[in-house]
Amino acid sequence: MTDGGRRSARSAATRERLVAATAELIAELGWGNVSTRRVAERAGVNPGLIHYHVSSIDELRRAAAVQGVLAFFQGPIQEALTEVDPYAAVAGLLAALSPADPRDPHLLLLYESLVAAGRDEQLRRQIAPLLAELRRLLRDWLTDHLVPEPDAVAVTITAAIDGYLLQRALDPSLPPGPLITGLSRLFRLAP
């Protein structure tokens, strides 16, 4: 490997550490409390090095948010779409997106990111297509499994999941079972 290649690999690794540290801090402290100094401290780098890798703390927060949203949904969506039965798919998706701890750092990062996207147009433009793609994947799967009105069902399922996750953050005792039953009846997904 050339010196340039090693520098590039080190640079990419440092940026990854910065993004990971930012994601952790967003979940722990909230979006607005994440500073360059705190990120540098958490990542174990000199604060001046941050601006070598990103133009601003806002850019770093956005990178952490986008990565966090993808990580939160990608695995559970892919796993749910391996199911043949729509009821099992919805049940699996909800169970996978319901961490045992409603204060789960990934879930808190998701909340903070979505709230921030409501105020940050650039972040909204980055996250909105990711969520649209998740709805599209769900809609296509529902279409393939002959579920009536797949567009409406996909939007309703994702909106119900959003609402459930928010309610569960406020009431950790809320189980996913009633929502799964309600959705399955609403869409006639039950076996």
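Read the figures in this text as sums done on the coordinates, not as results from a lab. It should be emphasised that the depicted structure is a prediction, and the values quoted were computed from it without experimental measurement. So basically every Cβ, Gly included, is an ideal-geometry build from the backbone, and we count neighbours across all protein chains shown.
Key figures
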quantity	calculated
Computed magnitude of the charge dipole of region 56-186 (debye, nearest 20; Cβ of K, R +1, Cβ of D, E -1)	240
Unit Cα scatterers, Debye sum, region 1-113: log10 I(q)/I(0) for q = 0.11, 0.13, 0.22, 0.23 Å⁻¹	-0.46, -0.59, -1.09, -1.15
Residues of region 123-145 with amide N under 18 Å of the 7 Å Cα→Cβ point at Glu83	134-145
Degrees, to the nearest 10: 105-117 long Cα axis against longest axis of the chain	90
Geometric extent, Cα atoms of region 56-186 - Rg, Dmax (angstrom)	14.9, 48
